[in-house]
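Enquirer: Have a look at this one.
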Amino acid sequence: MSVKVERKTKETDICTELELYGGNVEISTGIGFFDHMLTAFAVHGGFGITASVKGDLNVDCHHTVEDTGIALGKAFNEALGDKSGIERYGTFFIPMDESLAMASVDISGRPFLVFDAEFPQERVGEFDTCMTEEFFRAFAFNAGITLHIKVMYGKNSHHMIEAIFKAVAHAMRVAAAKTDNNTPLSTKGVL
């Protein structure tokens, strides 16, 4: 099932499509490093993601990155539906050279983000490293997931952020994996 989300504001114009279990990957946000991270997220998660994003990059990258997180989160929320027949939980560690990142996700319908990472460099290309947390906050709250992210250690912001995106991708892939159970994994019977 393909989910398409369009979001147009005075600051951004976004069209994204998601295939939860594979498909084409084509990312264009105008921010090279962010394109690289979203491509890594799609490839490592096994997700088909196309995203065409036009933002007010003459200001900075904030609106483009955050609004992309909103749109992508909404796409995941819609694709996951009532969350029946999925594993629900996923945790993954990714080493990236000198850095190590962990992501743990609960596809719960209860949005929350715990983000524990400090980046030694303020920018990677045209991407402000502080926007990593803003992206994942927007993504988690719009996807309706609980997401914990921790960089255990690292010295290179590029490696640390790439480890985060890949760890979240793998954790989401594990949590969204299909099961034989046709009900949500919850003692309440609903998420």
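Enquirer: What Kirkwood hydrodynamic radius do you get for the stretch 1-81 when you take the inverse of the mean 1/r over all pairs of distinct Cα atoms, in Å?
Expert: Details: mean 1/r = 0.0804 Å⁻¹.
Evaluated on the stretch 1-81, it is 12.4 Å.
Enquirer: Measuring from label point to label point, each 7 Å out along Cα→Cβ, what is the Thr39 to Asp60 span in nm?
Expert: Taking the simple label geometry, Thr39 and Asp60 are separated by 2.6 nm.
Enquirer: Convert each backbone phi in the stretch 83-89 into a coupling constant with the Karplus relation 6.51 cos²θ - 1.76 cosθ + 1.60 (shift: θ = phi - 60°), then list the ³J(HN,Hα) values in order as whole Hz, x for Gly and Pro.
Expert: 6, 6, x, 10, 5, 6, 10
Enquirer: Please list the radius of gyration and Dmax for the stretch 34-134, considering alpha-carbon atoms only, with Å as the unit.
Expert: Over the stretch 34-134's Cα set, Rg and Dmax evaluate to 14.9, 44 Å.
Enquirer: Pairing the Cα long axis of helix 131-143 with the longest principal axis of the chain, what angle in degrees results, from 0 to 90 and rounded to the nearest 10?
Expert: 20
Enquirer: Another question, if that's okay. Roughly how many Å is it from the Cα centre of the stretch 75-124 to that of the stretch 131-188, as a whole number?
Expert: Here the answer is 1 Å between Cα centres.
Enquirer: I'd like the orientation of helix 157-176 relative to the chain: the angle between its Cα long axis and the longest Cα principal axis, in ° from 0 to 90, rounded to 10.
Expert: 10
Enquirer: Using the Cα atoms as the points, what is the convex hull volume per residue of the stretch 130-191 in Å³?
Expert: 97
Enquirer: Ordered by residue, what ³J(HN,Hα) values in Hz, to whole numbers, does the stretch 68-73 give under the Karplus form 6.51 cos²θ - 1.76 cosθ + 1.60, where θ = phi - 60° and Gly and Pro are x?
Expert: Each residue of the stretch 68-73 in turn: 5, x, 4, 5, 5, x Hz.
Enquirer: Can you list the residues, at least 5 places off or on another chain, whose amide H is less than 5 Å from the amide H of Val124, using H built in the peptide plane?
Expert: Thr129
Enquirer: Please pull out the direction-averaged projected area of the chain, using the convex hull of its alpha-carbon atoms, in nm² to one decimal place. Don't skip to the end; give the middle numbers.
Expert: On the way: hull surface 39.7 nm².
For the chain, averaging the hull's shadow over all directions gives 9.9 nm².
Enquirer: Below 16 Å Cα-Cα, how many Lys pairs turn up in the chain? Only count pairs eight or more apart in sequence, or on different chains, if you could.
Expert: Eligible lysine pairs with Cα atoms under 16 Å apart amount to 8.
Bear in mind that the values in this text are calculations on the coordinates, not laboratory data. Note that this is a predicted model, so its numbers are computed, not measured. Virtual Cβ from ideal backbone geometry, glycine too; neighbours counted across all protein chains shown.
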